Amino acid sequence: MKEYGKNIQGLVDYVCGIEDREKRTASAYTIIDIIKQLNPTLKQENDQKLWDDIYIMSDFKLDVDGPFPMPEKELLGKKPLPIGYPRGEVRFKHYGRNIEKLIEKAIEIEDDEEQEAAIIYIGQLMRSFHSTWNRDNFDDGIIIDDIKTLSRGKLHIDLEKVKENALFESNTRRDFKVPTHEERGGKSNKRGNNRRRNGGHNKKRRN
């Protein structure tokens, strides 16, 4: 291992030849200390990495009572597992998959006001993405229709309310954080009765 140099490699080779196990183990600890002294930046390293390195430098022949087990030789040079990428078609590519994830989280919110804040936040993001993709043909109604489509009709906000209050404008942007289950705990489901009367949609709220 070039980062340690020939002298450390020579010490490792020498220690492997020591017959007495206790002396061999003590010498291995000394090598770890020497490595840390010669390379001050390695003092912050996990000791297990340094022990793994001298095991590798010994070609896995260093038999000592170290603080960590010898790594498996088969793992050396093994290719990492492929990274799993999300599968499935993105419905609206100009919005991206993250918008779909935000909408899924917004659907789970039970409190009306929190859910509306989430819809407004998502609408602002979608407006900025949409205006970049198509500046000439744009209307807040398009964003609301797309939200309905992506949420399978589970999210709704009044178009006139959005236009009158410029809710999707960036200058009205408010911070939104998807609440955790614990943060939502204890809150009543204000939409429960409305859903049954309206087939899953909220009543329009008055300004």
For the list (1) in a helix (DSSP H, G or I); (2) under 39 Å from the mean Cα position of the chain (by Cα), I need the number of the one condition that LYS23 fails. (2)
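Quick grid of which residues meet (1) acidic (Asp, Glu); (2) part of a helix (DSSP H, G or I); (3) more than 35 Å from the chain's Cα centre (by Cα):
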site	(1), (2), (3)
ALA28	no, yes, yes
GLN48	no, yes, no
TRP51	no, yes, no
ILE56	no, yes, no
LYS61	no, no, yes
VAL64	no, no, yes
Six or more apart or on different chains, Cβ under 6 Å: which pairs go from a residue in region 49-70 that's over 14 Å from THR30 (Cα atoms) and buried (at least 16 other Cβ atoms within 10 Å of the Cβ) to one that's of a type in the set (D, E, K, R) and at pLDDT below 90? Could you list them? none
Could you list, in sequence order, the residues of region 1-35 that are closer than 15 Å to ASP65 by Cβ, out of contact with any helix residue (DSSP H, G or I) (no Cβ under 7 Å at 6 or more places or on another chain) and surrounded by 10 or more Cβ atoms within 10 Å (Cβ to Cβ)? CYS16, ARG21, GLU22, LYS23, THR25, ALA26, TYR29, THR30
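Conditions (1) at pLDDT 90 or above; (2) within 30 Å of CYS16 (Cβ to Cβ), marked per residue:
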site: LYS79; (1), (2): no, yes
site: PRO86; (1), (2): no, no
site: GLU104; (1), (2): yes, no
site: ILE107; (1), (2): yes, no
site: GLU116; (1), (2): yes, no
site: ILE119; (1), (2): yes, no
site: ARG135; (1), (2): no, no
site: GLY141; (1), (2): no, no
site: ILE157; (1), (2): yes, no
Of those in region 30-46 that are in a helix (DSSP H, G or I) and among the charged types (D, E, K, R), the residue modelled with the lowest pLDDT is LYS43
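The values are calculated or read from the model by the stated rules, or taken from the named source; none is laboratory data. Computed from a predicted model, the values in this text were never measured in an experiment. Methodologically, a virtual Cβ is constructed for each residue, glycine included, from the backbone with ideal geometry; neighbour enumeration extends over all protein chains shown.
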